[in-house]
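Each remark here refers to the structure printed beneath this line.
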Amino acid sequence: MNNGYVLQMKDISKEYYGNKVLKGVNLNVKAGEIHCLVGENGAGKSTLMNILFGMDVIHSTGGYEGEILFNEKITEIKSPKKAMELGIGMVHQEFMLIPEFTITENIKLNREITKDNVISKILGDRLRTIDSKRMNDDARSALDRLDMNIDEWVRIVGLPVGHMQFVEIAREIDKTKVKLMVFDEPTAVLTESEADNLLKSMKKLASSGIAILFITHRLDEVISISDNVTILRDGELVKTLVTSESSVGEIAELMVGRKVDILNKEEKNKKQVKREVILELKDFSVHMPGEEVKNINLKIENGEIFGIGGLAGQGKVGIANGIMGLYPSNGELYLKGNKLKLNDTNNSLENGLAFVSEDRREVGLILDSSIELNIIFTALNIQNKFLKKYLFFTLQNSKKIKKHTDEMIKKLDIRCTSSKQNVGKLSGGNQQKVCIARALTQDPDILFVSEPTRGIDIGAKKLVLDLLVELNKELGMTIVMTSSELTELRKISDRIAIISEGKVAGILKPGDSDKKFGLMMSGTKIKELQEEVI
Amino acid sequence: MAEVKEINKKNSQLKSFFIKNIVTIIFIVITIIGILLSELSFTFIVNELINRISRNSFLVLSLIIPILAGIGLNFGIVVGAMAGQTAIIMVTYWGITGLKGFILSLIFAFPFAVLFGYLTGKLFNKTKGQEMIAGLIVGFFANGIYQFVFLYLVGTIIPMKNTVMIKPDGVGLRNTISLCGGDYPDGIKYALDGIFRLNLFYFMIIGSSLVMIYAVYKILKNRNKKYIPVKSSGTYITYIIIALVFIAVSIGVLVSGSSLAMLKVPVITLAVIAVLCLFNVLIMKTKIGQDFRTVGLSQSIAKVSGINVDRTRLIATIISTVLAAWGQIIFLQNIGTMNTYGNHMQVGMFAIAAILIGGASVTKANVRHALIGTALFHSVFIVSPTAGKTLFGDAQIGEFFRAFVVYGVIGISLGLHAWKKRAVSRL
Ligand SMILES: Nc1ncnc2c1ncn2[C@@H]1O[C@H](COP(=O)(O)OP(=O)(O)OP(=O)(O)O)[C@@H](O)[C@H]1O
Ligand SMILES: [Mg+2]
């Protein structure tokens with residue numbers, strides 16, 4: 001029997017504590033094929049991949065049912081080590097990087113190049129000396145293949161997430177003998193141009209005969225790159241399609257099980273009203289490695305949705321991080337005319353600023369605590385909300401907490417078993433929703449959201465964006481949204497600042513032409529632009 | 001404007017240096033005050049310090065690898081110390097003395113330590129996250145077995161007879177066992193220390209000269225290289241200046257003929273310690289060392305990248321236990337009498353307090369922390385009784401202070417660790 005399949009997963013089922021998350025899924029991938037896996041948040045995509053990679057979460061929760069054939073042989077993949085030996089590479093949805101290590105050390109994690117020394121000859125291979133020079137060379141060439149010009153000896157800690165993602169990918173590219181490569185939402189954290197870059201690399205890999213399994217929520221990527229696409233819904237296989245015979249609309253419908261509004265390029269053109277300035281940045285600089293902000297001046301108006309866009313590494317991510325005091329900054333900040341203390345996160349929170357970070361794992365969530373606690377955590381600690389006085393004791397008001405959390409779960413469509421479930425056990429996209437819920441719970445005057453829709457499926461994306469608009473309209477909340485996706489910025493913002501080389505290249509209206517946006521993102525200054533327009 | 005920024009930057013660097021090294025700095029201050037209060041002669045203090053550093057450093061250095069491998073402070077080194085003492089009991093019983101006895105006890109201790117380390121490591125793997133408590137309990141538990149073996153089995157099931165080591169009733173070992181060296185030796189006292197002792201100041205002159213030669217070599221090498229060196233030539237010039245100062249002081253002391261000039265150092269013991277330091281540094285540059293670090297920083301990522309986490313932790317524990325066994329033998333050959341049922345008990349606490357004082361934490365440690373910590377910890381030990389006496393008129397207060405230091409520093413450090421773990425970002 002020779003059908004050319006590198007991987008066949010047959011009738012795979014998986015239960016987490018009695019909760020069936022995969023129900024008899026089949027998946028076939030051929031050598032050199034790019035196969036996309038799509039589905040809503042919590043559909044079971046990552047779980048399926050974790051089974052394939054022999055991850056501990058699977059085996060410590062009772063294993064799975066079904067059969068995996070690798071190279072047409074029935075195989076039991078009991079550990080990541082086994083998977084790697086078979087030639088499976090995986091870029092996980094959550095970063096598998098050690099922040100204290102350099103890029104090289106992370107790329108070569110457990111595949112270090114070593115050389116002999118006197119002692120290793122006697123006592124064995126594990127005492128061979130690390131050959132950092134050759135490791136650096138390898139890392140360099142892997143990074144070069146991805147067009148990354150970051151130094152390989154830099155530590156991961158403090159790098160922007162986009163770079164981290166590329167380091168992960170570089171690690172997989174550096175592995176020789178890989179037959180199947182899994183990418184679990186690699187483009188979620190990338191900007192459009194970075195994502196294009198990655199897609200190109202993936203095509204190259206596929207043409208060299210490597211099979212690729214690619215998970216993404218960006219359906220246009222699915223259409224542009226894949227040969228076949230498998231759609232999951234609630235743990236069930238909906239259909240496997242040949243991509244060229246399908247469309248974004250069809251895939252989206254199959255995913256969600258009903259017709260959906262796809263985020264289209266319809267921009268909003270609100271009337272410009274004169275508003276008061278609520279937050280002013282003067283000569284504001286932020287030292288965020290890879291996302292430096294250099295002496296910018298900005299005025300954010302009360303009650304507007306202010307978008308911040310730009311390419312990765314240009315500094316757009318740094319602004320909100322600096323204002324919230326997460327990265328060192330200098331310059332001046334004025335909130336409602338009063339000077340705001342810099343570099344003091346507590347103070348920023350107390351002054352009614354809230355932040356949904358682009359990096360939810362690091363600064364967003366307490367994974368081994370319940371959804372409830374995660375959602376109320378900041379409001380409880382900073383604003384003393386959800387507390388109840390009993391004589392001399394102040395206790396948490398658990399009834400109120402439960403009610404609020406349930407409301408949030410419903411509003412944001414967080415897919416979970418209950419509000420008591422640990423956040424670590426949610427799917428990636430649902431964790432992102434918990435982050436948003438937490439910021440909303442603070443009832444902030446200004447809400448900073450960075451990449452709010454990252455890793456969220458198209459249905460939920462609309463939900464989140466609609467919610468932001470609703471908050472803005474009904475409660476008059478000022479929203480500052482940083483995003484790599486121009487489409488969503490243009491859909492809901494009143495004004496959009498484009499950041500380039502750490503400076504404000506210009507402020508555009510959502511209705512401005514695509515060309516204007518494109519040019520400005522590439523660093524063309526507003527003056528030159530105006531000349532062009534005229 | 002720019003200048004202000006520069007100064008601000010310097011200030012904040014200074015501040016973060018202080019915060020990072022706060023424990024060490026506090027102890028330096030305590031030591032200095034203690035020395036001033038104690039009215040002990042400087043010669044006495046230095047002599048005691050040389051003794052204690054050469055005696056204890058090895059034990060403290062045995063803690064580094066488990067910390068880097070993410071196991072934390074290895075309270076389990078107590079069982080290593082027991083392995084060492086078991087070996088010493090064996091060689092002393094067989095009447096093998098001096099250097100031969102010493103080397104044999106290192107050899108005998110090895111299999112015991114590997115076994116004990118293996119068992120401890122297995123337990124650590126079963127109690128991940130609770131290794132420190134587990135280590136503490138292992139110590140108590142093993143002590144029970146140790147007492148059972150040497151207090152009850154010796155002379156009954158284990159055939160040991162007719163020596164001064166056994167209690168008069170023929171069952172069990174005596175409370176203290178003499179390891180005396182000398183002309184009619186019955187033990188391994190000074191087996192290592194006594195091989196070669198050198199005048200402290202000759203030692204300093206030679207040592208400083210070596211440092212100078214090394215620094216000059218590095219400077220020349222830096223000059224020939226194009227890339228940016230790890231340490232600038234300026235750093236090496238500072239080394240040279242410090243070395244020159246040391247040499248000048250040494251010559252001064254030697255010429256002046258003060259009582260300091262009589263001090264001697266056990267060169268071979270220090271050399272052994274230096275080798276262990278080198279071992280600790282070099283092993284981190286090997287594959288297994290990289291595995292230690294990886295596992296120490298993230299067990300889950302290590303596992304996903306195919307590292308056998310449990311095995312790596314096991315190896316780290318075994319290495320630590322073996323080193324602790326040898327460290328205890330070095331300790332006892334200096335002391336010269338073995339308190340059969342007492343010597344091992346405090347080993348873990350003291351070594352851990354020392355390395356913490358040197359600036360290590362539950363997750364971070366290096367050779368410098370171990371050496372500085374040993375020196376500071378023992379300085380406090382030397383001066384605290386007399387300092388207590390001058391200050392409160394009672395040497396006992398100084399004793400209390402010692403105990404306070406040991407448990408206080410461990411408690412604070414564990415507390416800080418737990419706090420850092422909980423202090424997730426407030427966003
Ligand atoms: N460790 C776990 N314990 C219990 N339940 C889990 C665990 N991991 C995932 N789940 C549940 O399994 C389901 C599928 O999750 P999975 O991570 O596979 O989703 P996904 O398709 O990758 O979604 P996303 O697009 O959001 O990443 C979810 O309902 C999730 O809550
Ligand atoms: Mg997922």
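Buried accessible area for the B:A pair, summed, 1.4 Å probe, in Å² rounded to 100? Mind dumping the intermediate values first?
On the way: alone 22630 and 24230 Å², together 44110 Å².
Protein heavy atoms only, the B-A interface buries about 2700 Å².
Where a Cα-Cα gap under 15 Å defines reach, which aspartates and glutamates qualify for A:Lys341, not counting those fewer than 8 residues away within the same chain?
Excluding near neighbours in sequence, the set is A:Glu280, A:Asp283, A:Glu332, A:Glu350.
Which FRET efficiency, nearest 0.05, do B:Leu198 and A:Arg134 yield, Cβ-Cβ r, R0 60 Å? If you can, show how the numbers build up before the last one.
Values: r = 43 Å, r/R0 = 0.71.
Result of the calculation: an efficiency of 0.90.
Give the carbon-plus-sulfur fraction of the accessible surface of region A:5-256 in %, rounded to a whole number; probe 1.4 Å, heavy atoms of protein chains only. Let's see the in-between values first.
Working: 4970 of 10120 Å².
So the carbon and sulfur contribution to the accessible surface is 49 percent.
Of A:Leu232, A:Asn136, A:Gln396, whose Cα points farthest to the positive end of the dipole of chain A (charges on the beta-carbon: +1 Lys, Arg; -1 Asp, Glu; origin at the Cα centre)?
A:Gln396
Only residues of region A:57-100 count here: report those whose backbone N is under 15 Å from the spot 7 Å along Cα→Cβ of A:Asn26, or say none.
In region A:57-100, the label zone of A:Asn26 (backbone N under 15 Å from the point 7 Å along Cα→Cβ) covers A:66-69.
Report the FRET efficiency, 1/(1 + (r/R0)^6), for B:Arg368 and B:Val255, where r is their Cβ-Cβ distance and R0 is 30 Å, rounded to 0.05.
Values: r = 32 Å, r/R0 = 1.07.
Plugging the Cβ-Cβ distance into 1/(1 + (r/R0)^6) gives 0.40.
Which ³J(HN,Hα) values in Hz, rounded to whole numbers, follow from the phi angles of region A:337-346 under the Karplus curve 6.51 cos²θ - 1.76 cosθ + 1.60, where θ = phi - 60° and Gly and Pro get x?
Computed from phi, the couplings for region A:337-346 are x, 9, 5, 9, 5, 8, 6, 9, 4, 4 Hz.
From the residues B:Val409, A:Pro289, A:Val256, which one has its Cα farthest along the dipole of the protein assembly as shown in the positive direction, the dipole being from +1 and -1 charges on Cβ of Lys/Arg and Asp/Glu about the Cα centre?
After comparing all options, I get B:Val409.
Taking the Cα centre of chain A as the origin, how large is its charge dipole in debye, to the nearest 20, when only Lys and Arg (+1) and Asp and Glu (-1) carry charge on their Cβ atoms?
Working: 75 positive and 76 negative charges, 215 e Å.
So the dipole magnitude of chain A works out to roughly 1040 debye.
If the cut-off is 13 Å between C-alpha atoms, which aspartates and glutamates fall inside it for B:Lys128, apart from same-chain ones fewer than 8 positions away?
By straight Cα distance, B:Lys128 reaches B:Asp310.
How large is the charge dipole for region A:5-256, taken about the Cα centre, if only the Cβ atoms of Lys, Arg (+1) and Asp, Glu (-1) carry charge, to the nearest 20 debye? Don't jump to the answer; show the numbers that get you there.
Details: 31 positive and 39 negative charges, 196 e Å.
With Lys and Arg at +1 and Asp and Glu at -1, about 940 debye.
Order B:307-318, B:332-343 from most to least packed using the mean count of other Cβ atoms within 10 Å.
Numbers: B:307-318: 21.2, B:332-343: 19.3.
Result, highest mean Cβ count within 10 Å first: B:307-318, B:332-343.
Using the alpha-carbon centroid of each, what span in Å lies between region B:321-353 and region B:39-74?
12 Å
Modelled label-to-label distance, B:Val216 and B:Lys285, 7 Å Cα→beta-carbon offset: nm?
2.4 nm
Let me check against my output: what whole-number percent is the relative contact order of region A:5-256, with C-alpha pairs under 8 Å and at least 6 apart?
Numbers: 478 pairs, mean separation 72.6, N = 252.
Over region A:5-256, the number comes to 29 percent.
With respect to the cross-link table entries A:Lys299/A:Lys410; A:Lys81/B:Lys231; A:Lys425/B:Lys122; A:Lys339/A:Lys399; A:Lys30/A:Lys82; A:Lys433/B:Lys303, which display a Cα-Cα separation exceeding 31 Å?
On the way: A:Lys299/A:Lys410 35 Å; A:Lys81/B:Lys231 39 Å; A:Lys425/B:Lys122 29 Å; A:Lys339/A:Lys399 38 Å; A:Lys30/A:Lys82 20 Å; A:Lys433/B:Lys303 28 Å.
Table pairs above 31 Å Cα-Cα are A:Lys299/A:Lys410; A:Lys81/B:Lys231; A:Lys339/A:Lys399.
For the protein assembly as shown, what is the accessible area per residue in Å², given a 1.4 Å probe and the full set of protein chains? Walk me through the numbers on the way to the answer.
Working: 44110 Å² over 961 residues.
Per-residue value: 46 Å².
Rounded to the nearest 0.05, what FRET efficiency do A:Lys336 and A:Val154 have when you use their Cβ-Cβ distance and R0 = 35 Å?
Values: r = 39 Å, r/R0 = 1.12.
Calculated transfer efficiency: 0.35.
Quantify, in whole percent, the carbon and sulfur part of the accessible surface of region B:122-274 (1.4 Å probe; protein heavy atoms only). Mind dumping the intermediate values first?
Working: 6600 of 9470 Å².
After summing per-atom areas, the C and S share lands at 70 percent.
Tell me which residues come under 5 Å, amide H to amide H, from A:Val238 once H is placed; ignore anything under 5 positions away on its chain.
Hits under the 5 Å cutoff: A:Ile231, A:Leu232, A:Arg233.
Rounded, prolate or oblate: pick one for the protein assembly as shown, where a ≥ b ≥ c are the square roots of the eigenvalues of its C-alpha gyration tensor, a/c under 1.5 means rounded, and failing that, prolate if a/b is larger than b/c, else oblate.
On the way: a/c = 2.08, a/b = 1.70, b/c = 1.22.
Prolate.
Taking chain A as the reference, fit the longest principal axis to its C-alpha atoms, fit the long axis of helix A:192-207 to the helix C-alpha atoms, and give the angle between the two in degrees, 0 to 90, nearest 10.
10 degrees
Do you know which residues of region A:300-346 lose at least 40 square angstrom of accessible area in the protein assembly compared with their chain on its own, with a 1.4 angstrom probe?
When all protein chains are present, not a single residue of region A:300-346 gives up 40 Å² or more of accessible surface.
Which aspartates and glutamates have a Cα less than 18 Å from the Cα of B:Lys100, not counting those fewer than 8 places away in the same chain?
B:Asp183, B:Asp186, B:Asp193
How much of the DSSP beta bridge set in the protein assembly as shown is antiparallel, as a percent to the nearest 5? Walk me through the intermediate numbers first.
Details: 56 of 93 bridges.
Percentage antiparallel, nearest 5: 60.
Specify the residue with the greatest mean-square fluctuation among B:Leu136, B:Leu323, B:Leu61, computed from a Gaussian network of chain B linking alpha-carbon atoms under 10 Å apart.
Among B:Leu136, B:Leu323, B:Leu61, the largest mean-square fluctuation in the Gaussian network model of chain B belongs to B:Leu136.
Beyond a 31 Å Cα-Cα separation, which of these cross-linked pairs lie in this structure: A:Lys388/A:Lys420; A:Lys177/A:Lys316; B:Lys167/B:Lys264?
A:Lys177/A:Lys316; B:Lys167/B:Lys264
Taking 30 Å² as the minimum loss, tell me which residues in region B:297-332 lose that much accessible area going from the chain by itself to the full protein complex (1.4 Å probe).
At a threshold of 30 Å² (probe 1.4 Å), the residues of region B:297-332 that become less exposed are B:Leu297, B:Ile301, B:Lys303, B:Val304, B:Ser305, B:Gly306.
Mind listing the phi-derived Karplus ³J(HN,Hα) values for region B:108-115, rounded to whole Hz, using 6.51, -1.76 and 1.60 with θ = phi - 60°, and x for any glycine or proline?
5, 5, 4, x, 4, 5, 4, 4
Please compute the length gained on full extension between A:Tyr16 and A:Lys82, using 0.36 nm multiplied by the number of residues separating them and subtracting their Cα-Cα distance. Show your work: numbers first, answer last.
Numbers: separation 66, 0.36 × 66 = 23.76 nm, distance 2.27 nm.
Stretched fully, the A:Tyr16-A:Lys82 segment lengthens by 21.5 nm.
Taking every pair of alpha-carbon atoms in chain A, what share in percent sits in each 20 Å bin, from 0 to the bin with the longest distance?
Going from the shortest bin to the longest, the percentages are 20, 53, 24, 2.
About the Cα centre, and with charges only on the beta carbon of Lys, Arg (+1) and Asp, Glu (-1), how big is the dipole of the protein assembly as shown? Nearest 20 debye, please. Each step should come with its number before you reach the end.
Working: 112 positive and 89 negative charges, 337 e Å.
I would put it at about 1620 debye.
The values are calculated or read from the model by the stated rules, or taken from the named source; none is laboratory data. Please read all numbers here as calculations on a predicted model, not as lab measurements. Every residue, glycine among them, receives a Cβ derived from its backbone with ideal geometry; neighbour counts consider all protein chains shown. Heads up: the accessible areas ignore ligands, DNA and RNA and are worked out on the full protein's heavy atoms, side chains in. Shrake-Rupley method; radii C 1.70, N 1.55, O 1.52, S 1.80 Å.
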